[in-house]
1. Output yes when any residue across region 128-151 is within 16 Å of the ligand (Cβ to nearest atom), on the phi < 0 side of the Ramachandran plot and not in a loop (DSSP other than H, G, I, E, B), and no when none is.
2. Take region 32-57 and flag every residue that is surrounded by fewer than 24 Cβ atoms within 10 Å (Cβ to Cβ) and in contact with a Lys or Arg (Cβ under 9 Å, 6 or more places away or on another chain).
3. Only one of these is part of a helix (DSSP H, G or I) and either touching a Leu at 6+ places or on another chain (Cβ under 6 Å) or closer than 17 Å to residue 195 by Cβ (or both): 295, 224. Name it.
4. Within region 101-116, count every residue that is in contact with a helix residue (DSSP H, G or I) (Cβ under 7 Å, 6 or more places away or on another chain) and more than 17 Å from residue 168 (Cβ to Cβ).
5. When region 230-257 is examined, which residues are found to be of a type outside the set (A, V, I, L, M), crowded, with 24+ Cβ neighbours inside 10 Å and more than 16 Å from the ligand (Cβ to nearest atom)?
6. Please go through region 152-175 and pick out each residue that is under 19 Å from residue 230 (Cβ atoms) and part of a loop (DSSP other than H, G, I, E, B).
Amino acid sequence: MRGVMKIAFYSTKPYDRRFFAEAGSEAGHEIEFLECRLDSYTAPLAAKFEAVCAFVNDTLDAQVLEQLAAAGVRLIALRCAGFNNVDLEAAARWRLTVARVPAYSPHAVAEHAIALLLALNRNVHRAHNRIREGNFSLDGLLGFDLYGRTAGVVGTGKIGACVVRILAGFGCRVLAFDPYPNHECEQNGATYVDLDELLAESDVVSLHCPLTPQTHHLIDARAIERMKDYVTLINTSRGALIDTPAVIDALKRGKIGYLGLDVYEEEGDLFFEDLSNQVIQDDVFARLTTFPNVIVTGHQAFFTREALENIALTTLGNVTEFAQLGTCSNGVAAAR
Ligand code: NAD
């Protein structure tokens, strides 16, 4: 089998082109950079390509996968860790191999979660705006020490484990919940408890589990009621872990004190695009941006130089491995 493939690369941004063009020319693969998102309208563009490279908001449902398979595609190379946007059963049905980048820089995402937390608890975003307006008053900027607070980490895989380490360094009491406890986190001072106890005791809750049918709306109205008053909630994982209207209701009541989001359930219509000349049609998202105690970033937690280099190298390594062996060690398959 040949060692190079023709890759249709969807949702291309300038930074993708930069990092993949460098890594791609070394690997010898032929990459066609397409700016459009992958969906049923754009799937026919993959005709004559053996591999498709896709990102977090590309559509990889049963219909699109059937179209890709019919067009001759054999490999879906995701340039991300999460694979909740892929219908894995349909992929198996159409004999499509799905590969991902399981770890490119857990530090990038963990550090961004902490950036959101620190900006919120010291009102850095508001202080920045005030100083630019010549307003040097401190009233309304009162923060709280993280030292001695209880922080709950939900999901202690690669990213959650980094978050545990950082929070322990701040002198937090760290609680963790994961169906598969991570011994390294316990060594770093985390105590595993069940989810209800974590929610009831934590001043800060940070989400680092994948989006699955079990974790969809993990933070809903019921979960919020179990949380401490004035809790800080951070989500850098996937938007649908949170029931956004329930969170907005809790923000309005003061039940949630601070909210830091890098992901949003309906982000597919918003994130990664410059919409500054348009009226945002998503009223739920628009409401979120009106709160002084909410910071939203547009799915940028992964966005560091180190992470992009690793994403390009691993994604193209996945393609090379598939081209040579017909399988991929970073493959993902539907649970049987
Ligand atoms: P990982 O697979 O290493 O860890 C996920 C952990 O979650 C595992 O330990 C797993 O046991 C645990 N888990 C599964 N179900 C759970 C549940 N119901 N409750 C609690 N824990 C549960 O993954 P990772 O590399 O640490 O990434 C975590 C998530 O971060 C990814 O799934 C992805 O959605 C998200 N992510 C976001 C960005 C970003 O830019 N914002 C970048 C990369 C990853």
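The values are calculated or read from the model by the stated rules, or taken from the named source; none is laboratory data. Fair warning: this is a prediction, and the values are worked out from it, not measured in the lab. Glycine also receives a Cβ, built like all others from the backbone with ideal geometry; neighbour counts cover every protein chain displayed.
1. Residues of region 128-151 that are within 16 Å of the ligand (Cβ to nearest atom), as a first pass: 151.
Of the ones still in play, those that are also on the phi < 0 side of the Ramachandran plot are 151.
Next, from what is left, pick out any that are not in a loop (DSSP other than H, G, I, E, B): 151.
Yes - at least one qualifying residue is present in region 128-151.
2. 32, 33, 35, 48, 49, 50, 55, 56, 57
3. Values: 295 fails: part of a helix (DSSP H, G or I).
Among 295, 224, only 224 is part of a helix (DSSP H, G or I) and either touching a Leu at 6+ places or on another chain (Cβ under 6 Å) or closer than 17 Å to residue 195 by Cβ (or both).
4. So in region 101-116, the residues in contact with a helix residue (DSSP H, G or I) (Cβ under 7 Å, 6 or more places away or on another chain) come out as 101, 103-110, 113-114.
Among the residues that remain, those that are also more than 17 Å from residue 168 (Cβ to Cβ) are: 101, 103-105, 108-109.
Total meeting the criteria: 6.
5. Passing the criteria: only 232.
6. Scanning region 152-175 gives 170, 172.
Table: residues versus (1) under 30 Å from residue 207 (Cα atoms); (2) β-branched (Val, Ile, Thr); (3) not assigned by TED's automatic domain parsing to the domain that holds residue 321.
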position	(1), (2), (3)
12	yes, yes, no
17	no, no, no
55	yes, no, no
71	no, no, no
77	yes, no, no
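Table: residues versus (1) among the hydrophobic types (A, V, I, L, M, F, W, C); (2) free of Cβ contacts under 8 Å to residues at least 12 places away in the same chain; (3) in a helix (DSSP H, G or I).
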position	(1), (2), (3)
11	no, no, no
15	no, no, yes
35	no, no, no
39	no, no, no
72	no, no, no
89	no, no, yes
92	yes, no, yes
